[in-house]
1. I need the phi-derived Karplus couplings for the stretch A:24-35: 6.51 cos²θ - 1.76 cosθ + 1.60, θ = phi - 60°, integer Hz, Gly and Pro marked x.
2. Quickly rank B:206-214, B:251-259 as a protection proxy: mean count of other C-beta atoms within 10 Å, highest first.
3. Can you give the average number of partner chain beta-carbon atoms within 10 Å of each beta-carbon in peptide B:131-143, as a whole number?
4. Under the rule of -39500 (n - 2.57) per DSSP H run of 4 or more residues, summed and divided by the residues of chain B, what mean residue ellipticity at 222 nm is obtained, to the nearest 500 deg cm²/dmol?
5. So for the stretch B:200-259, taking the charge dipole from beta-carbon charges (+1 Lys/Arg, -1 Asp/Glu), which of B:Gly252, B:Tyr236, B:Gly223 sits furthest toward the positive end?
6. Computed FRET efficiency, Cβ-Cβ of A:Asn144 and A:Asp8, R0 30 Å: what is it to the nearest 0.05?
7. Order of B:126-138, B:73-85, A:15-27 by packing, highest average Cβ count within 10 Å first?
8. Once you put a point 7 Å from the Cα of B:Lys254 and another 7 Å from the Cα of A:Asp168, both along the Cβ direction, what distance in nm separates them?
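Readers should treat all values here as calculations from the given coordinates under stated rules, not as data from a laboratory. None of the values given here were measured: they were computed from a predicted structure. Neighbour counts are summed over all protein chains in view; Cβ atoms, including those assigned to glycine, are modelled from backbone coordinates with ideal geometry.
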Amino acid sequence: MIAIIDYDAGNLTSVSRALFHINVENVITNDIKLIESAERIIFPGVGAAGSAMKSLIRLGLDDAIRQAVESGKPVLGICLGTQIILQESRENQAKCLGIIDGSVRAFSEIFQSKGIKGLKIPHMGWNRIALKADHPVFAGLKENDEFYFVHGYYPLPDNLSQVIATTDYVIEFPSIIGMNNIVATQFHPEKSGNPGLTILKNFSSWEPC
Amino acid sequence: MLSKRIIPCLDVREGRTTKGIKFENNVDIGDPVEMALMYYEAGADEIVFYDITASHEKRDIMIDVVRKVAETIFIPFSVGGGIRTIEDMRDVLLAGAEKVSVNSAAVRNPEIISHGAAAFGSQCIVLGMDVKHVGKSEKIPSGYEIVINGGRKYMGMDALAWALKGQALGAGEICLNSIDADGTKDGYELILTELISSRVDIPVIASGGAGQPVHLRDVLTQGKADAALIASMVHYGTYTIPKIKTYLDDQGVKIRSTW
């Protein structure tokens, strides 16, 4: 059973529906006991980092997520869920979970500092990923497969060996990060057609060593 | 880099896809869930559903369609038409739509954009704009005016000013429909699209006028659109999405080529 963590951060049903479509049992929940007993955790979300962190703390889910990570069970972050795994976000200067060292940066700031003009923000739509290393959760993808993104901020781990893939939006930004039993995508696998479903399928049978 | 998106648009009336010219003479052209699946498998990057059911009491039929579509396709889709309140938005989003689009309701009550963005996030609020060319004047400096009711009612609002206001209020995307080009199959309104897309920071979907693949190329390059809406050119089998994408790829437009 996969527990999809419910912390009032946007529409979680799309992740659930995609999992059911590939015959993976799942439950959307904020019940800490259920999260503890789940084999795997998906930590999704859309919205702003600050309000998401407030909800997590109010529901006691911040510790539940840290414990899940420590327990060694597979954890998948998606979009805002990916950003919140880092230490802090430029979005509302929010302090985040700090599971992976690093911060969440704004496209607007990096574009301004590099004098890049005319790019739309959010980065919304389909884009490719360049895998930096083989990873079982991202096996079986075709080279030109694209994934659906919608975000104005991106994750930047301090340790670049935790960057699993990058994506080009004039700047090259980390689009998949992870370490040990965590993988986290900035894009939405549940909205990325067959390549996205492949990732969810891989995750549902992933045994991190 | 981001791919330019190709987005089929389905007009849905009481649970069936219809096609009429300028909201009249609607003809049943199929089941929206089946059509969504067909376009998903053919490589559509997103799908737009426009609910043209006349009666607000029959909205549940559309919600049921949205739920079935969400169980069937795994790409983003948006729902517009008849969205008047935050509750209407919530119903559509909870049923599984990625985005909701507001058009005349936002013209009448711009706060629906900011309230919707605060409640659900900017990324799911699309501002739909119906626009007519009227010539430049003091009141309409861009020469393009906002209209509602399928183009029958002029609102005295400048299209560019409204686009910028919509963005400031929290819209995450603009779906820009030229009433002049709509249904002509002579091509998108390139000047209007370029005017709006180059001035806003949020993505712009061009709508109205698509008849041939070259029209998509032009609006995605000259028109600076981020996405192109298509309807009749694919609904009747004149073109397929893979054929359009192959053409665009040959023309140097970055598109999503595998799915």
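1. Values per residue, Gly and Pro as x: 10, 5, 7, 9, 8, 8, 10, 7, 4, 5, 5, 5 Hz.
2. Working: B:206-214: 23.4, B:251-259: 17.8.
So the peptides B:206-214, B:251-259, ranked by packing, come out B:206-214, B:251-259.
3. Values: counts 0, 0, 0, 0, 0, 0, 0, 0, 0, 0, 0, 0, 0.
Per residue, the average neighbour count from other chains is 0.
4. Working: 10 runs with 90 residues, N = 259.
One gets -10000 deg cm²/dmol as the mean residue ellipticity at 222 nm.
5. B:Tyr236
6. Values: r = 36 Å, r/R0 = 1.21.
Once the sixth-power term is evaluated, E becomes 0.25.
7. Details: B:126-138: 20.1, B:73-85: 22.7, A:15-27: 16.8.
Descending mean neighbour count gives B:73-85, B:126-138, A:15-27.
8. The two pseudo-label positions are separated by 0.7 nm.
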